[in-house]
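The values are calculated or read from the model by the stated rules, or taken from the named source; none is laboratory data. Model, not experiment: these values are computed from the prediction. Counting neighbours? That spans all protein chains shown, and the Cβs are built from the backbone with ideal geometry, glycine included.
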Amino acid sequence: MSGVRGRYAPSPTGPLHLGNARTALLAWLDARARGGVFVMRIEDVDFTRARPEYEAQLLLDLRWLGLDWDEGPDVGGAFGPYRQSERGDRYAAALARLDAYPCTCTRRELRALPVTSMTGEPVYPGTCRNGQTRPGRAPALRWRVPPGRVGFVDRLCGEHHQDIARDVGDFVLRRGDGAWAYQLAVVVDDADMAITDIVRGADLLDSTPRQLHLLRALYPAVPVPRFAHVPLILGAGGAKLSKRDGAPDLGALREAGASPARVVAALARSVGLVPPDVRELRPSELLTAVSPADPLARLTSRPLDLGGL
């Protein structure tokens with residue numbers, strides 16, 4: 001093994017969208033091409049939306065596509081548990097080491113704030129920072145963000161810097177309903193599971209500095225993972241593919257009798273990994289089409305062509 005530990009971490013809140021399936025394929029390819037370990041982690045921290053039946057379906061669909069994993073909720077491993085819903089004690093221990101405070105601002109109040117940050121999100125103004133909470137509301141817990149600029153070099157997107165205090169403000173670590181925030185859970189999980197390489201969608205690029213800020217506060221001795229934020233999948237018109245475009249989910253394709261080799265080929269064509277005339281492809285065949293030094297080096301973004309499935 002090369003020391004590379006990659007992961008794919010889907011949320012079981014609905015059927016697996018083709019964009020998520022492509023990210024899974026690329027994360028698998030990145031780990032396998034470099035002789036690394038591939039980890040499957042289920043991010044079911046949002047107990048209001050996650051469902052066991054969705055988890056079962058997405059694991060079935062990914063195996064149908066031809067992907068496999070070395071560790072995960074269904075195969076075990078030395079770094080489990082691999083479901084966030086079973087890792088609450090780890091998140092609580094991490095939270096106890098951070099300077100957090102209760103916040104009773106509602107989502108409606110937060111949505112009314114002006115969007116002034118580089119992330120396109122409202123900057124939290126510190127309304128509850130000094131104890132000005134409102135009675136009768138279940139408080140969330142926010143991290144009192146230390147000052148400082150956070151930067152990293154993404155394998156695909158290049159340098160990315162953010163001043164968290166200025167561009168985001170104090171952010172939530174645990175919601176008012178008790179659910180652990182994604183930002184905290186993903187940092188704890190990746191550190192605990194010794195993840196070295198993270199491949200995920202470009203829509204998560206702006207959240208990465210928050211996670212690095214937390215990582216350095218919680219685990220100063222843990223090496224920072226390498227990140228590759230891959231392009232979002234595009235529809236026929238060149239815009240981000242959405243359910244409104246009528247794109248089927250992976251399970252719907254499987255149930256309709258589509259060929260998994262044709263689905264893999266379509267996903268690979270959409271990032272330029274294979275020529276436009278390649279119509280069938282198994283994931284294992286992609287290993288010979290990429291450089292072991294950097295399997296994602298040649299990624300481009302093209303509209304997804306599902307013709308002939």
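At least 1 residues being under 27 Å from A247 (Cα atoms) is the threshold, and among the helices (runs of 4 or more DSSP H) wholly inside region 16-100 those reaching it are 18-33, 52-65.
Kindly indicate the residue of region 273-309 that is small (G, A, S) and more than 22 Å from the chain's Cα centre (by Cα) and also modelled with the highest pLDDT among those meeting that condition. Break it down into steps so the answer makes sense when it comes.
Within region 273-309, the subset small (G, A, S) is 284, 289, 291, 293, 297, 301, 307-308.
Still in the running and more than 22 Å from the chain's Cα centre (by Cα): 284, 289, 291, 293, 307-308.
Working: S284: 95, A289: 88, S291: 92, A293: 92, G307: 81, G308: 73.
Among those that are small (G, A, S) and more than 22 Å from the chain's Cα centre (by Cα), it is S284.
Going through L250, L214 one at a time, which residue ends up being more than 29 Å from L286 (Cα to Cα) and not assigned by TED's automatic domain parsing to the domain that holds G126?
Numbers: L250 fails: more than 29 Å from L286 (Cα to Cα).
Of the residues listed, the single one that is more than 29 Å from L286 (Cα to Cα) and not assigned by TED's automatic domain parsing to the domain that holds G126 is L214.
For region 259-309, the candidate set comprises residues that are touching a strand residue (DSSP E or B) at 6+ places or on another chain (Cβ under 9 Å) and in the same structural domain as D68 (by TED's automatic domain parsing); within that set, the residue that is farthest from S2 (Cα to Cα) is S270. Suppose the filter is more than 21 Å from L232 (Cα to Cα) and in contact with a Gly (Cβ under 7 Å, 6 or more places away or on another chain); does V45 pass it? Spelling it out, it is not the case that V45 is more than 21 Å from L232 (Cα to Cα) and in contact with a Gly (Cβ under 7 Å, 6 or more places away or on another chain). Checked against (1) farther than 28 Å from L304 by Cβ; (2) modelled with pLDDT under 95; (3) acidic (D, E), E86 passes all but condition (2). Looking only at region 199-238, residues that are closer than 26 Å to A93 by Cα and either free of Cβ contacts under 8 Å to residues at least 24 places away in the same chain or over 13 Å from the mean Cα position of the chain (by Cα) (or both) come to 17 in all. Of the residues making up region 101-112, those that are modelled with pLDDT of 95 or more and not in a loop (DSSP other than H, G, I, E, B) are Y101, P102, C103. Among (1) over 18 Å from P260 (Cβ atoms); (2) in a loop (DSSP other than H, G, I, E, B), where does P10 come up short? Condition (1) is where P10 drops out.
Listed here are the residues, each with its yes/no results for (1) surrounded by fewer than 19 Cβ atoms within 10 Å (Cβ to Cβ); (2) within 19 Å of the chain's Cα centre (by Cα); (3) not assigned by TED's automatic domain parsing to the domain that holds R32.
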| position | (1), (2), (3) |
| --- | --- |
| C103 | no, no, yes |
| P122 | yes, no, yes |
| T133 | yes, no, yes |
| R144 | yes, no, yes |
| G148 | yes, no, yes |
| R166 | yes, no, yes |
| D177 | yes, no, yes |
| V188 | no, yes, yes |
| D192 | yes, yes, yes |
